[in-house]
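Below is one structure, written out as structure tokens; the observations come after it.
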Amino acid sequence: FTLDRFLELEEEKPALEFEDGVVTQKVSPKGKHGSVQAELVEYLNRAARPHKVARAITELRTTFADSSYVPDISVYRWDRIPTDESGHVANEFRVPPDIAVEIVSPEQSVNALVRRCLWYIDHGVNVALLIDPKDESVLAFRPGGTPAVCHGKDRIDLSELLPDFGLTVEELFASLRMR
């Protein structure tokens, strides 16, 4: 099976992904996953969009390095957002995001997502975040470094793109508390 043939397939929900000639289907997001995803993308866009620094997009198909993934959140620097001939956001994104975010769902293998984050870093992504709602932690992967574990009052460091980004892990997971 080839990447070109994969890209000809109809989109499905949850999305299909392609790696090493194999097609897999993403896990449907659950309540905690969706809540954390919505909170983070809203916070990122509030911090980045007004100054045209970057834009966060959920469930965006990104195709690069002979694979096609749909990270839970993709963040692109403003000047790297692909556009069409009319200057609007393009439908096809064939360059790696600056930041890729994966959020663990109950049925997912954490090890598989760790491998995915490492793959992102090996193929041009500047920061990959692995967010685990179960233990309320964030792992941050960067090129040439060891993953940094963040929890509680630790600030989620995205200084490569957003130097003033001040969201803490505790604030991110506060979106799960309903009372």
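Among the chymotrypsin sites (Phe, Trp or Tyr not before Pro) in the range 1-30, those placed in a DSSP loop whose Cβ has at most 15 other Cβ atoms within 10 Å are Phe1. Under a Cβ-only charge scheme (Lys and Arg +1, Asp and Glu -1), can you give me the dipole magnitude of the range 85-173 about the Cα centre, in debye to the nearest 20? It works out to roughly 240 debye. Here the extension length gained between Arg46 and Val89 equals 13.6 nm, from 0.36 nm per residue of separation less the Cα-Cα distance.
In the chain, with Lys and Arg counted as +1 and Asp and Glu as -1 at Cβ, which of these residues, Ser137, Thr2, Pro71, has the Cα nearest the positive end of the dipole, that is, farthest along it? Sorting the options by dipole projection puts first Ser137. For the set Glu170, Glu11, solvent exposure ranked by accessible area (probe 1.4 Å, protein chains only) runs largest to smallest as Glu11, Glu170. With θ taken as phi - 60° and the Karplus curve 6.51 cos²θ - 1.76 cosθ + 1.60 applied, the whole-hertz 3J(HN,Hα) list for the range 16-29 is 8, 10, 9, 8, 6, x, 10, 9, 10, 10, 4, 7, 5, x Hz, x standing for glycine and proline. Note on the chain: with a GNM built from Cα contacts shorter than 10 Å, the maximum mean-square fluctuation among Ile103, Ile121, Ile81 falls on Ile81.
For the pair the range 33-71 and the range 127-154, the centres of their Cα atoms are 16 angstrom apart.
In sequence order, the range 95-102 has phi-based couplings of 10, x, x, 6, 10, 10, 10, 10 Hz under the Karplus curve 6.51 cos²θ - 1.76 cosθ + 1.60, θ = phi - 60°, and Gly or Pro positions carry x. Solvent exposure of the chain, expressed per residue, is 54 Å² of accessible area, with all protein chains present and a 1.4 angstrom probe. On the chain, 49 percent of the accessible area sits on carbon and sulfur atoms, based on a 1.4 Å probe.
The values are calculated or read from the model by the stated rules, or taken from the named source; none is laboratory data. Since the model is a prediction, treat every value here as computed from it, not as a measurement. With ideal geometry, Cβ positions are generated from the backbone for all residues, glycine too; neighbour counts draw on all protein chains shown. These accessible areas exclude ligands, DNA and RNA; they are computed on the full protein's heavy atoms, side chains included. Shrake-Rupley method; radii C 1.70, N 1.55, O 1.52, S 1.80 Å.
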